[in-house]
Structure formats: structure tokens, C-alpha cells
């Protein structure tokens, strides 16, 4: 348990920041899930549209420190590769 007033304030700040980060991470996962569903359904137009919305959301999370920049770039690259291949399989 925090003893000093500054430690108590730090605990409050951490709790607020954690709540924001959880919300951001959840939001990113939602957008990624929409891209995954569009890819699995085989709908190229829907996959491209979902990817265009998910990409800036993922990079925004990276800029805020929710996910690492390289992790976001890797996820985007892998999704882009899969979205590109959606039409080729059909």
C-alpha cells in the first residue's frame, strides 16, 4: 500500500492510464477481428475496407505506447499480405 501522498497520486494515475490502455487495446483487437472475419469470408472488398480502417488504429495504439511500434508494423504487414491474397485464392 502506498504511504506517501505522491505514491498515492502515482497509484491513481497508473489506474487511470491502465483503464485507457485496456480500452485502446480492446479497440485495436476489435478492428483486427473485423479484418480477420472479412478475410475468412473471402470478400476482398470488405477485407480491404476493414484493413484501411484497422491500419491507422493499430499505428495510433503504437504511438500511444499500447503496443510496440515494430509489433504494430509486423501485424500490418502480415494482414496486408493476407488481404492481398484473398482474391487470388478464389
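Could you work out which residue, out of 16, 78, 27, moves most in a Gaussian network model of the chain, that is, has the largest mean-square fluctuation with Cα springs under 10 Å?
Of the options given, 16 has the highest mean-square fluctuation.
If you fit an axis through the alpha-carbon atoms of helix 69-84 and take the longest principal axis of the Cα set of the chain, what angle between them do you get, 0 to 90°, nearest 10?
Roughly 20 degrees between the two axes.
In the calculated pair distance distribution of the chain, what percentage of Cα-Cα distances lie above 22 Å?
Percentage above 22 Å: 41.
Given the -39500 (n - 2.57) contribution per DSSP H run of 4+ residues, what per-residue ellipticity at 222 nm results for the chain, rounded to the nearest 500 deg cm²/dmol?
Per the formula, -29500 deg cm²/dmol.
Taking the Cα atoms only, what angle lies between the long axis of helix 5-41 and the longest principal axis of the chain, rounded to 10 degrees?
Tilt relative to the chain: about 10 degrees.
So how much slack lies between residue 26 and residue 1, counting 0.36 nm per residue of separation and subtracting their Cα-Cα distance, in nm?
6.1 nm
How far is helix 44-63 tilted off the main Cα axis of the chain, in degrees rounded to 10, range 0 to 90?
Orientation of helix 44-63: about 20 degrees from the principal axis.
Between region 42-79 and region 1-30, what is the C-alpha centre distance in whole Å?
24 Å
If I take R0 = 30 Å and measure r between the Cβ atoms of residue 40 and residue 73 in this structure, what FRET efficiency does the formula 1/(1 + (r/R0)^6) give, to the nearest 0.05? Don't skip to the end; give the middle numbers.
Details: r = 23 Å, r/R0 = 0.77.
Using R0 = 30 Å, I get an efficiency of 0.85.
With a Förster radius of 41 Å, plug the Cβ-Cβ distance of residue 81 and residue 11 into 1/(1 + (r/R0)^6) and report the FRET value to the nearest 0.05.
0.45
Taken together, the values in this text are just the output of simple stated rules run on the coordinates, not laboratory data. Computed from a predicted structure; not experimentally measured. Cβ coordinates were reconstructed from backbone atoms using ideal geometry, including for glycine residues, and neighbour counts include every protein chain displayed.
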